[in-house]
Amino acid sequence: MKDAKVLVVEDEENVRRLIAAYLEREGFDVIAAADGHDALDAFRRAQPDLVILDLMLPGVDGWEVCRRIRSGYDTPVIMLTARGEELDRIKGFELGADDYITKPFSPRELVLRVRAVLRRVGEDGGRNPERLRFPGLEIDRVRRTCRAGGRPVELTRREFDLLWFMAASRGRALEREELLMQLWGYDYAGDPRTIDVHVTRLRDKLEKHGWKYLHTVWGVGYKFEPVEARDRAE
Ligand code: CA
């Protein structure tokens with residue numbers, strides 16, 4: 001297994017440093033954030049394999065950070081809670097936390113939990129998912145259905161295949177030729193610009209509810225990445 005990348009979100013500096021030092025010593029690649037805003041920024045930038053998330057944070061709290069991560073990603077989250085926050089624990093699981101650890105905890109216990117969660121996800125997460133979920137968008141490969149902004153979207157076969165391929169390659173710039181090959185196979189001798197037509201139609205169908213998914217990568221082709229529409233300067 002490659003070194004897993006862990007995002008540690010904790011406003012108490014000594015605790016944050018302790019966790020980071022321990023995980024690094026165990027061979028993890030660690031990114032740290034001291035508040036909710038930084039955490040979400042770091043999450044988007046670094047795309048960690050796991051998040052250790054303190055609940056009580058200044059600004060955007062742990063609930064909100066977890067909720068936002070969950071609205072678009074399956075990245076496992078381990079919540080840090082103070083002793084006796086039983087209600088918080090329940091809420092944490094409702095929000096999709098994969099595990100929780102009560103403070104004070106031993107760093108050794110934390111590392112064991114991190115490994116256990118990563119193992120579980122590695123086993124269950126699967127390389128060949130049946131369904132992909134993003135903020136405002138759900139694509140079901142088996143049923144070949146798609147919902148955007150909570151409503152079913154009618155897609156042609158090619159549009160569906162294109163969307164699935166791009167979404168499964170999330171974050172990667174894809175050349176038109178590569179997309180053509182995926183959709184029509186090696187023999188297709190047509191114009192790579194055909195892809196532009198399909199992408200334009202997909203955008204019309206999918207991007208009506210405040211999220212953008214299909215981005216132009218100038219000089220290359222396209223990239224799938226969920227971005228809130230107001231954040232995009234295109
Ligand atoms: Ca805290």
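The values are calculated or read from the model by the stated rules, or taken from the named source; none is laboratory data. Keep in mind that what you see is a predicted model, and the values were worked out from it rather than measured. Methodologically, a virtual Cβ is constructed for each residue, glycine included, from the backbone with ideal geometry; neighbour enumeration extends over all protein chains shown. Accessible surface is based on the protein model in full, side chains and every heavy atom, while ligands, DNA and RNA are left aside. Shrake-Rupley method; radii C 1.70, N 1.55, O 1.52, S 1.80 Å.
Here are some notes:
- Ellipticity estimate at 222 nm from DSSP helix runs (n ≥ 4, -39,500 (n - 2.57)) divided over the chain, nearest 500: -12500 deg cm²/dmol
- Debye intensity ratio I(q)/I(0), log10, the chain, q values 0.08, 0.09, 0.10, 0.14 Å⁻¹ (C-alpha model): -0.36, -0.45, -0.54, -0.94
- When both the range 39-63 and the range 1-24 are represented by their alpha-carbon centers, they are found 12 Å apart.
- Signed unit charges on C-beta, dipole axis of the range 131-231, positive-most listed residue Thr194, Phe224, Leu180: Phe224
- For the range 5-120: relative contact order, % (alpha-carbon pairs under 8 angstrom, 6 or more apart): 23
- Here the label points at Arg120 and Arg70, each 7 Å from Cα along the C-beta direction, are separated by 1.4 nm in the simple model.
- Net charge dipole, the chain: roughly 660 debye, given to the nearest 20, about the Cα centre with Cβ charges of +1 for Lys and Arg and -1 for Asp and Glu.
- Neighbour cut-off at most 11 other Cβ (10 Å), DSSP loop, trypsin sites (Lys or Arg not before Pro), the range 1-85: Lys2, Arg83
- Probe 1.4 Å, accessible area per residue of the range 5-120, Å²: 49
- Across the chain, the relative contact order, built from alpha-carbon pairs under 8 Å that are at least six residues apart, equals 12 percent.
- Taking the protein heavy atoms of the range 5-120 in the context of the full set of protein chains, the accessible area attributed to carbon and sulfur is 48 percent at 1.4 Å.
- Only alpha carbons enter this Debye calculation for the range 131-231, each as an equal point scatterer, and the log10 of I(q)/I(0) it gives at q = 0.17, 0.23 Å⁻¹ is -0.72, -1.31.
- Inter-label distance for Val227 and Glu130, nm, one decimal - labels placed 7 Å from Cα along Cα-to-Cβ: 3.3
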